[in-house]
Amino acid sequence: MNRRKIIATLAITAGVALLATTATALSRGDDPAPAGPGAAVVRSDVQRTVTAAQDRLKRVPGDAGTWALLGAAYVEQARITGDPTYYGKAQGALETSLRHKPDGNGPAHMGLGALANARHDFAAARDHAERARAVLPDTAEVYGVLADALTQLGKTDQARAAVQRMLDLDPGVPAFTRAAYDFEQRGEVDSARQALTRALDASSSPADSLFTRYHLGELAFDNGDLDEASAHYEQGLLIDPLDPALLQGRAKIAAARGDLDDALAGYADLVARVPSPQYVHEHAVLLRAAGRTEDAARQFDLLAQQQRLLATAGSTDDLAASVAAADRGDSAAALAAAEREWARRQHPLVADALGWALHLAGRDAEALGHADRAAATGWRNATFAYHRGMILRGLGRAADAADALDSALRTNPYFSPVDAPAARAALGGLR
């Protein structure tokens with residue numbers, strides 16, 4: 001289980017900030033503040049924004065700013081509900097905003113950039129963010145959209161500059177969490193933790209606290225500290241006991257501690273309530289680790305259906321498709337998807353996926369170059385080290401393979417319920 005999911009979450013925070021600053025003006029204070037903790041408040045706030053924008057557009061149908069706001073709210077609804085049909089609604093609203101104001105419409109381009117990031121069209125997201133920046137050079141949210149796109153395109157130095165500009169303009173939760181991800185990719189774990197701690201200190205709402213607690217937990221988990229990770233997840237669940245991301249963290253901790261029954265029950269409940277591709281995939285892998293191969297196959301089938309729905313809604317995520325195919329044992333599909341993604345962007349996660357797919361196809365000599373490229377950033381990523389170790393073993397480089405596998409298990413001995421045991425078995429055989 002790796003951390004590519006963080007980008008999907010971070011990419012939306014600019015939209016959240018835009019909604020927060022404009023929804024108040026639309027609602028005019030007529031509606032009482034919604035009751036309930038954390039994620040429930042986010043859902044209610046976004047729905048209020050949609051309703052208020054729709055009501056205003058009935059009165060002023062040519063209001064480009066409100067159309068842009070409505071589009072951003074639809075992008076956020078897609079994230080909250082997991083329903084990709086909101087992408088089409090978002091695109092329609094944002095394009096309508098541009099028709100009413102084709103020149104100098106920074107909010108519409110910012111919304112289209114967030115939408116493109118959500119659909120994994122990072123080149124288009126970068127282009128829209130640049131157009132928004134030309135109009136809104138001192139708006140922090142623009143640099144959030146831009147940083148997310150540049151990060152995923154593998155433009156790390158440019159992404160860091162965008163994050164720094166965001167920090168200069170508005171040193172809040174969206175900026176600090178992006179800074180943390182930048183530090184983590186470079187292997188600067190302590191700096192990443194400090195940035196997330198500053199984000200937690202800057203949190204001004206339950207949703208901000210939930211978001212930050214989850215990522216503090218993820219950082220701890222990815223570096224093998226189950227106690228710290230669990231503490232952050234549980235602190236967040238005190239705010240919202242039904243937050244899906246934090247419940248995923250709790251289930252992951254249970255699996256790492258060997259409580260497979262509790263972990264599987266947690267995931268089963270989670271995917272029944274929020275059947276996002278990430279949770280379905282993790283559930284399938286855990287079922288496989290528990291020996292429930294038929295149940296795992298059904299979850300993988302559900303995941304394939306979700307990926308087709310996302311593709312129909314204009315979202316292309318061949319990285320996720322490659323990882324899922326590899327976990328299911330379809331090496332040909334894994335390689336084809338990884339090659340398509342690599343043709344679009346050269347992010348370390350894509351380099352790792354392509355290297356692993358080449359290994360599964362028996363092409364270890366080609367695979368090693370991509371595994372080395374993923375490792376070159378310094379990212380303390382146990383999955384990267386495991387994949388590289390298995391590739392080196394395939395090439396007969398036993399000592400180097402043992403070092404890489406040992407590094408994976410020292411970084412996070414719980415990184416995967418399937419691959420961590422495989423790493424231990426391979427390491428034992430090598431030594």
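If you check Arg178, Arg193 for being within 25 Å of Asn412 (Cβ to Cβ), surrounded by fewer than 23 Cβ atoms within 10 Å (Cβ to Cβ), in the same structural domain as Ala231 (by TED's automatic domain parsing) and touching a residue at least 24 places away in the same chain (Cβ under 8 Å), only one passes: Arg193. The single condition among (1) on the phi > 0 side of the Ramachandran plot; (2) in a helix (DSSP H, G or I) that Gly224 does not satisfy is (2). Assess whether Gly111 counts as being in contact with a Gly (Cβ under 6 Å, 6 or more places away or on another chain), at pLDDT 90 or above and among the small types (Gly, Ala, Ser). Yes, satisfied. Looking across the range 162-184 at every residue that is in contact with a Gly (Cβ under 8 Å, 6 or more places away or on another chain) and not aliphatic (A, V, I, L, M), the one that is nearest to Arg340 (Cα to Cα) is identified as Arg178. Scanning the range 305-332 for residues that are outside any loop (DSSP other than H, G, I, E, B) and crowded, with 17+ Cβ neighbours inside 10 Å yields a total of 15. Evaluating Asp127 against the criteria (1) more than 25 Å from Trp67 (Cβ to Cβ); (2) among the acidic types (Asp, Glu); (3) surrounded by fewer than 24 Cβ atoms within 10 Å (Cβ to Cβ) leaves one unmet condition, (1). A residue that is in contact with a Phe, Trp or Tyr (Cβ under 6 Å, 6 or more places away or on another chain) and among the acidic types (Asp, Glu) occurs nowhere in the range 361-383. Name the one entry in Ala159, Ala129 that is small (Gly, Ala, Ser), within 22 Å of Thr316 (Cβ to Cβ) and in contact with a Gly (Cβ under 6 Å, 6 or more places away or on another chain). Going through Ala159, Ala129 in turn, the sole match is Ala129. Taken as a whole, the range 322-342 holds no residue that is touching a helix residue (DSSP H, G or I) at 6+ places or on another chain (Cβ under 6 Å), at pLDDT below 95 and of a type in the set (Ser, Thr, Tyr). Confirm whether Ala207 is more than 30 Å from Gly104 (Cα to Cα) and either in contact with an Asp or Glu (Cβ under 6 Å, 6 or more places away or on another chain) or crowded, with 19+ Cβ neighbours inside 10 Å (or both). So Ala207 passes the test.
What about Ala401, is it at pLDDT 95 or above and closer than 27 Å to Asp225 by Cα? Answer is yes for this residue.
Suppose the filter is surrounded by fewer than 23 Cβ atoms within 10 Å (Cβ to Cβ) and in contact (Cβ under 8 Å) with a residue 12 or more places away in the chain; does Ala254 pass it? For Ala254, the condition - surrounded by fewer than 23 Cβ atoms within 10 Å (Cβ to Cβ) and in contact (Cβ under 8 Å) with a residue 12 or more places away in the chain - is met.
The values are calculated or read from the model by the stated rules, or taken from the named source; none is laboratory data. Small disclaimer: the values here were computed from a predicted structure and weren't measured. Methodologically, a virtual Cβ is constructed for each residue, glycine included, from the backbone with ideal geometry; neighbour enumeration extends over all protein chains shown.
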